[in-house]
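Here the structure comes first, spelled out in structure tokens, and everything after it is commentary.
Please treat every number below as a calculation from the coordinates, not as lab data. None of the values given here were measured: they were computed from a predicted structure. Note that we place each Cβ from the backbone using ideal geometry, even for glycine, and neighbour counts take in every protein chain shown.
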Amino acid sequence: MQIFFSFSEVKLVDVPEMNYTCEDQPYPRGEICVRGPTIFRGYYKDEVQTRDVIDNDGWLHTGDIGLWLPGGRLKIIDRKKNIFKLAQGEYIAPEKIENVYAKCKFIAQCFIYGDSFNSFLVAIVAVEPDVLKAWAASQGIQSEDLRQLCVDPRAKAAVLADMDSIGKEAQLRGFEFAKAVTLVAEPFTVENGLLTPTFKVKRPQAKAYFTKELADMYAQLRDAESARQKL
């Protein structure tokens with residue numbers, strides 16, 4: 001959807017990974033883009049960063065998610081960049097952390113989750129089957145079923161240890177480390193609703209899909225913390 005103002009043009013662009021589209025009812029939703037003679041032209045001597053925000057047609061992608069209201073009113077309702085805050089106030093950019101953990105040999109795909117009610121991050125990891133099976137064989141763990149191997153505490157510990165090592169190499173800050181991990185055999189796909197057509201994680205859908213796993217990890221972390229405090 002596109003609307004013209006005296007100073008510029010404004011339109012909304014679909015953001016499928018966040019479940020915002022111009023076809024949403026009752027009101028269209030999407031990233032706010034603006035274009036016109038009075039609009040920001042780019043970063044001084046920084047073509048790379050300029051290309052990140054201004055497309056080939058001259059539209060400035062603001063990163064704000066807007067909703068068109070009756071009468072042509074535009075309301076900002078969200079941010080495109082997936083940044084959230086933990087209980088202690090630390091801001092988290094999950095895609096940055098996921099890109100770090102993507103270097104882990106066990107990981108095919110990773111979904112990092114946190115919220116303002118919890119102090120720690122947790123991770124859902126779609127495993128590399130061959131790597132995990134080879135590790136299991138090297139440890140003398142007999143398991144033909146990948147799903148069974150994914151719930152083995154020893155496998156979880158090995159993956160989390162490798163993630164910690166990769167995170168330290170990348171100089172992640174303490175609060176950016178995942179404190180618990182759930183391993184899954186099924187990859188994230190467009191067909192199961194966890195990826196967009198451009199293969200980005202659909203975060204709201206992933207949160208809903210893994211509701212039980214996320215809740216279980218946080219419950220385990222709280223129990224472990226309570227046990228430590230009693231020592």
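Identify which of Asp115, Asp52, Asp162 has the largest mean-square fluctuation in a Gaussian network model of the chain, with springs joining Cα atoms closer than 10 Å.
In the Gaussian network model the winner is Asp52.
With unit charges on the beta carbons (Lys and Arg positive, Asp and Glu negative) and the dipole taken about the Cα centre of the chain, which residue among Thr189, Ala206, Leu74 sits farthest to the positive side?
The Cα lying farthest towards the positive end belongs to Leu74.
Could you give the Stokes-Einstein D for the chain in µm² per second, using the C-alpha Kirkwood radius, 4 °C, 1.567 mPa s?
Rounded, D is 64 µm²/s.
Per the helix-only calculation at 222 nm, which mean residue ellipticity applies to the chain, given -39500 (n - 2.57) for every DSSP H run of n ≥ 4 and division by its residues, nearest 500 deg cm²/dmol? Before the final figure, lay out the partial values.
Details: 7 runs with 74 residues, N = 231.
Helix contribution divided over all residues of the chain: -9500 deg cm²/dmol.
Restricted to Cα positions, what overall size does region 122-231 have along the principal axes? Three whole-Å values, descending.
Cα extents, longest axis first: 48, 36, 30 Å.
For region 129-200, what is the charge dipole size about the Cα centre, in debye to the nearest 20, if Lys and Arg each add +1 at the Cβ and Asp and Glu each add -1 at the Cβ?
For region 129-200, the charge dipole is close to 260 debye.
Can you list residues whose amide H is under 5 Å from Gly63's amide H, if they're 5+ apart or on another chain and H is modeled 1.01 Å from N?
Ile32
Determine the shape class of region 20-96: with a ≥ b ≥ c the square roots of the Cα gyration tensor eigenvalues, call it rounded for a/c under 1.5, and otherwise prolate if a/b is greater than b/c, oblate otherwise.
It is oblate, given that a/c is not under 1.5 and a/b is not larger than b/c.
In region 40-146, what GluC sites (Glu not before Pro) fall in a loop by DSSP, with at most 16 other Cβ atoms inside 10 Å?
Counting only loop positions with at most 16 other Cβ atoms within 10 Å, the GluC sites (Glu not before Pro) in region 40-146 are Glu90, Glu144.
About the Cα centre of the chain, how large is the charge dipole given +1 on each Lys and Arg Cβ and -1 on each Asp and Glu Cβ? Please answer in debye to the nearest 20.
Value, rounded to 20: 620 debye.
With a 10 Å radius around each residue's Cβ, average the other Cβ atoms per peptide and rank 201-209, 184-192, highest first. The partial results should precede the final answer.
On the way: 201-209: 17.2, 184-192: 14.2.
Per-residue Cβ counts within 10 Å, averaged per peptide and sorted highest first, yield 201-209, 184-192.
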